[in-house]
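Chemist: Sharing a structure here in structure tokens format.
The values are calculated or read from the model by the stated rules, or taken from the named source; none is laboratory data. Nothing here was measured: the structure is a model prediction, and the numbers come from that model. Here the Cβ is made from the backbone with ideal geometry for all residues, glycine too, and neighbour counts use every protein chain on show. SASA here: full protein model, heavy atoms, side chains in, ligands and nucleic acids out. Shrake-Rupley method; radii C 1.70, N 1.55, O 1.52, S 1.80 Å.
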Amino acid sequence: MQYNQYHNCLRLQITMDDMQEERIDALVEHCKKYGFDNVMLMLNLEEFNRGHIPLQEAKPWVEILKKAKKKLENGGIVVSVNNWMELGHADRGRTFRKDQDFCGMVDMYGRESAATACPLDENWCRYFEEYVTYLIEELQPDTFWIEDDFRLHNHAPLQGIGCYCKNHMAYYNEKLNTNYTREEFLEKVFAPGVCNPERKVWLDANRDVMISLAERITNAVKSANPKTDVAIMSSCPEMHCLEARDWERLFEVIGQRGRKIHRIHLCYGETAGKDTISYFNAISMPVRAMADDDVLVLPEIEHGPASLYARSPRYFRFAMECAIPLVLSGMTYSIYDFVGNGVRDSFRYGEEVCRLRPYMQAIMDLHLNFSSLTGVVIPIEPRACYFKTMEKEYGELMPNEFEIGAYLSGLGLSYQYSREREFKGKTVYLCGSSMDYFEDGQLRSVFADNYVLLDGSGALKLQERGLLSLISANHVRLVEADSGYHTYEECKDKNLTICGVQSLRASCRGLAGSFTEIAYDNTVWVQTEVYNQYMQKLAPGFVQGEGFAVTPYCIHRQLYSQYCDLRKYFVTETVMAHTKEYAYCDIDGVSPYLYRKGTEWVLILLNGNVESYEEIPLRLGEISFTRVSSLNRQGELVPVPFEYQEDVVVIKTNMEYLSSMVLIFAK
């Protein structure tokens, strides 16, 4: 079941004070004025949070929300509800009430939370079911939001991940038929090596316990009002992978007899535009890729800023547009503080929401599917931690292939995250992290049936698995950044001019990342070579072979030197030479997202620069078209002039600084 209308959902708390009537009336007028068609009424929130409040204590608050709901609905505005917490975000000085016999989460070091409940605690579960039932029966909201504390990490002052209370230890021991203490169990779970029985039970428990909790919450909601949808927020994908979140079952559970709704968090605060896009590609996009097309995405922008210093209206608009590649059904807004000041016209955020509404609705009306995204394929795995090998600490169980998406997008190339394991005729980017998800035979098939790009961590993984022959190599050695061994990289072909420079060089210092010195046989084509400060040649740099290419650096974070002209040239030229369906924009800081739509193609461009462009140079692979249109900010489809300059399509239209553009290519 899909939305027909793009939703602008404002998150706000109305507090119990003598300003409540004024705040409610101002909220209604604000929503009508700026086009917020949905309000997520919140209680027990942030500065006014009282922990796990009893029903009697919640009743006066709920009466205020009922009053607000009535006025909002009379103004044509739909109401959803968010309690702000399930298990509890963090203690922050709060404790369970004296009459609440709740078991707190216990961390890896034996510390018990004073205010965050264990999801296996039956007393707390019964309390929360009753509490949710009460909220839904009284408020009859359109949607009930499960908040971001629905997780097994980031519950300060607890450290690490997971729960090891008496309930959980009994659960683990029952599954293993053991009698481990917490210390004994953790020693086994995080023992060096591959996933052992104890680690598997720990991961399975993390999945199953949270799914069980989602079922109990959803059943409470649906029993109180079958028409109320259940939605959920998520946070960083690598952490949800580490806690083994079962995305498929989770959305099946909360979507029963209703919609599957997902609130993905975006970059908080105001940063450089290119950094915002990089964060989006490494965090928001892989979270989206964990779910199917039938999941409706209403991401969260901002998180309760108290002043314009946190984010200007113009940057706020850019942040909204950055979310467009997720294929949106709307947006949720945490744009006014939660301390009870109400809405703020003076922030001018409402004006930006109103201005963008027709544009966002028109994009939604294109009915794109996230799964139709095309470009370089980056394999991902929701169950990543089951496949990982640990040597020193549990963070090694987290995936890091999401940085590859940020990297390729930063180079101006389109990409797609994929949960598949078999590909034919694609360009596939593999790193050490993503190789963990493939058996040896599957890896051989990927290399045989596709063109494979590899970073240094991927080469190290091939060596570990005895598969270096796939890249015509016989040895790999890791050289840490700034080790003093290597200092710069240079184009091998002295006659090749790149960006007007012959023998172009690039630094190998810290911002290039760790380097892998790889010994190849003589069947590869060495494109760059690495030198030391004495100008002595040390090792191959970027190398191409039959069906593959290797960049010798470990792409594990945002490495600014990887975007320099030398490395960008060889990566992008290699992708374009071996990929059928792709988009490439040769403007630094402009990221493309290419979607197939029947016989048409839809290209979304994000411009992270503080500079506008009158012409946009594109290369589009084997994509045939005779007409190009764009969506203007009024949501109208307008023709766009273009011309060919050899194999480059130059789009003749203005792309504003810190903005998006939607282009449609048709035959």
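Chemist: Report relative contact order for region 174-313 in percent, whole number only (criteria: Cα-Cα under 8 Å, sequence separation at least 6).
Modeler: Over region 174-313, the number comes to 22 percent.
Chemist: Relative contact order, percent, of the chain when contacts are C-alpha pairs under 8 Å separated by at least 6 residues?
Modeler: On the way: 1444 pairs, mean separation 74.5, N = 667.
After rounding, I find 11 percent.
Chemist: In region 618-638, which residues have a backbone nitrogen under 13 Å from the label point lying 7 Å from residue 644's Cα in the Cα-to-Cβ direction?
Modeler: Answer for region 618-638: 620-627.
Chemist: Further question on the same structure: For the chain, which span is the longest to avoid every loop-located (per DSSP) member of chymotrypsin sites (Phe, Trp or Tyr not before Pro) having at most 10 other Cβ atoms inside 10 Å? Don't skip to the answer; put the middle values down first.
Modeler: Details: sites that count: 309, 534.
No qualifying site falls inside 1-308, the longest such stretch.
Chemist: Give me the Kirkwood hydrodynamic radius of region 256-391, using the inverse of the mean 1/r over all pairs of distinct Cα atoms, in Å to one decimal. Don't skip to the end; give the middle numbers.
Modeler: Details: mean 1/r = 0.0604 Å⁻¹.
So the Kirkwood estimate lands at 16.6 Å.
Chemist: Follow-up. Determine the gain in length on full extension of the stretch residue 657-residue 97; use 0.36 nm per residue of separation and subtract their C-alpha separation, reporting nm with one decimal. Numbers along the way, then the final one.
Modeler: On the way: separation 560, 0.36 × 560 = 201.60 nm, distance 5.22 nm.
Here the segment from residue 657 to residue 97 would lengthen by 196.4 nm.
Chemist: With a 1.4 Å probe and all protein chains left in place, how much accessible area per residue does region 14-57 have, in Å²?
Modeler: Working: 1800 Å² over 44 residues.
The answer is 41 Å² per residue.
Chemist: May I ask you to work out the translational diffusion coefficient for region 464-533 at 25 °C, viscosity 0.890 mPa s, via Stokes-Einstein with Rh from the Kirkwood sum over Cα pairs, reported in whole µm²/s? Can you show the working numbers first?
Modeler: Working: Rh = 13.6 Å.
D, rounded to a whole number, is 181 µm²/s.
Chemist: Now for a separate question. How much area per residue is accessible in region 408-527 when the probe is 1.4 Å and only protein heavy atoms are counted (Å²)? If you can, show how the numbers build up before the last one.
Modeler: Values: 4990 Å² over 120 residues.
On a per-residue basis, region 408-527 sits at 42 Å².
Chemist: Multiplying the sequence separation of residue 523 and residue 256 by 0.36 nm and subtracting their Cα-Cα distance, what value in nm do you get? All intermediate terms of the calculation are to be shown ahead of the outcome.
Modeler: Details: separation 267, 0.36 × 267 = 96.12 nm, distance 5.57 nm.
That pair, residue 523 and residue 256, stretches by 90.6 nm at full extension.
Chemist: In region 504-556, which trypsin sites (Lys or Arg not before Pro) are in a loop and have at most 16 other Cβ atoms within 10 Å, using DSSP for the loop call? Show your work: numbers first, answer last.
Modeler: On the way: sites: 505, 509, 537; in loops: 509.
When the trypsin sites (Lys or Arg not before Pro) of region 504-556 are filtered for loop state and at most 16 Cβ neighbours within 10 Å, 509 remain.
Chemist: Follow-up question, since we're still on this one. Once each part is reduced to its C-alpha centroid, what is the distance from region 204-242 to region 98-142 in angstrom?
Modeler: The distance from the Cα centre of region 204-242 to that of region 98-142 comes to 14 Å.
Chemist: I've got another one for you. In Å and whole numbers, how far do the C-alpha atoms of the chain stretch along each principal axis, longest first?
Modeler: Computed over the Cα atoms, the extents are 79, 67, 42 Å.
Chemist: Can you tell me, using C-alpha contacts under 8 Å and at least 6 residues apart, the relative contact order of region 75-166 as a whole percent?
Modeler: Numbers: 144 pairs, mean separation 40.7, N = 92.
For region 75-166, the relative contact order is 44 percent.
Chemist: Can you run phi through the Karplus equation (6.51, -1.76, 1.60; θ = phi - 60°) for region 10-18 and list ³J(HN,Hα) in whole Hz, with x for Gly and Pro?
Modeler: Listing the rounded values in order: 8, 8, 7, 10, 9, 9, 8, 8, 7 Hz.
Chemist: For region 122-193, report the accessible area per residue in Å² (1.4 Å probe, heavy atoms, rounded to an integer). Show your work: numbers first, answer last.
Modeler: Details: 3070 Å² over 72 residues.
For region 122-193, the solvent-accessible area averages 43 Å² per residue.
Chemist: Can I ask one more? So if we plug the beta-carbon distance of residue 440 and residue 634 into 1/(1 + (r/R0)^6) with R0 = 56 Å, what FRET efficiency do we get, rounded to 0.05? Intermediate results must be reported in sequence, preceding the final value.
Modeler: Details: r = 55 Å, r/R0 = 0.98.
Result of the calculation: an efficiency of 0.55.
Chemist: For residue 265, which sequence-distant residues (separation of 5 or more, or a different chain) have an amide H within less than 5 Å of its own amide H, given hydrogens modelled in the peptide plane?
Modeler: Answer set, sorted by chain and number: 234, 300.
Chemist: Right, here's the next one. Can you tell me what share of the DSSP beta bridges in the chain is antiparallel? A percent to the nearest 5 is fine.
Modeler: Working: 63 of 105 bridges.
In the chain, approximately 60 percent of DSSP beta bridges are antiparallel ones.
Chemist: With labels modelled as points extended 7 Å from the Cα through the Cβ direction, what inter-label distance (nm, one decimal) is found for residue 596 paired with residue 294?
Modeler: Each label point is offset 7 Å from its Cα along the Cβ direction, giving 2.2 nm.
Chemist: With a Förster radius of 56 Å, plug the Cβ-Cβ distance of residue 314 and residue 546 into 1/(1 + (r/R0)^6) and report the FRET value to the nearest 0.05. Each step should come with its number before you reach the end.
Modeler: Numbers: r = 49 Å, r/R0 = 0.88.
Once the sixth-power term is evaluated, E becomes 0.70.
Chemist: Carbon and sulfur together cover what percent of the accessible area of the chain at a 1.4 Å probe radius?
Modeler: Values: 12030 of 25250 Å².
Roughly 48 percent, rounded to a whole number.
Chemist: Which pairs in the list 492/568; 580/667; 32/227; 597/667 are over 22 Å apart, alpha-carbon to alpha-carbon? All intermediate terms of the calculation are to be shown ahead of the outcome.
Modeler: On the way: 492/568 15 Å; 580/667 17 Å; 32/227 25 Å; 597/667 12 Å.
Result: 32/227 exceed 22 Å.
Chemist: Using DSSP to call loops (not H, G, I, E or B), can you name the trypsin sites (Lys or Arg not before Pro) in region 97-136 whose Cβ has at most 12 other Cβ atoms within 10 angstrom?
Modeler: Here the trypsin sites (Lys or Arg not before Pro) that fit, given the DSSP loop and packing criteria, are 98.
Chemist: Multiplying the sequence separation of residue 73 and residue 348 by 0.36 nm and subtracting their Cα-Cα distance, what value in nm do you get? Don't skip to the answer; put the middle values down first.
Modeler: Details: separation 275, 0.36 × 275 = 99.00 nm, distance 2.41 nm.
That pair, residue 73 and residue 348, stretches by 96.6 nm at full extension.
Chemist: Still on this structure, I have one more. Enumerate the calculated ³J(HN,Hα) couplings along region 469-476 in order (Karplus 6.51 cos²θ - 1.76 cosθ + 1.60, θ = phi - 60°), each rounded to whole Hz, writing x wherever the residue is Gly or Pro.
Modeler: Per residue, the Karplus-derived 3J(HN,Hα) values read 4, 5, 10, 6, 10, 10, 6, 9 Hz.
Chemist: Provide the FRET efficiency to the nearest 0.05 for the residue 495-residue 627 pair, computing r from the beta carbons and using R0 = 35 Å.
Modeler: For residue 495 and residue 627, the calculated efficiency is 0.30.
Chemist: Still on this structure: Sticking with the crude label model, points 7 Å out along Cα→Cβ, report the distance from residue 200 to residue 420 in nm, one decimal please.
Modeler: My value for the distance between the label points is 2.9 nm.
Chemist: Kindly provide the GluC sites (Glu not before Pro) of region 467-564 that DSSP labels as loop, not H, G, I, E or B, and whose Cβ sees at most 12 other Cβ atoms within 10 Å. Each step should come with its number before you reach the end.
Modeler: Working: sites: 480, 489, 490, 517, 529, 546; in loops: 480, 546.
Filter output for region 467-564: 480, 546.
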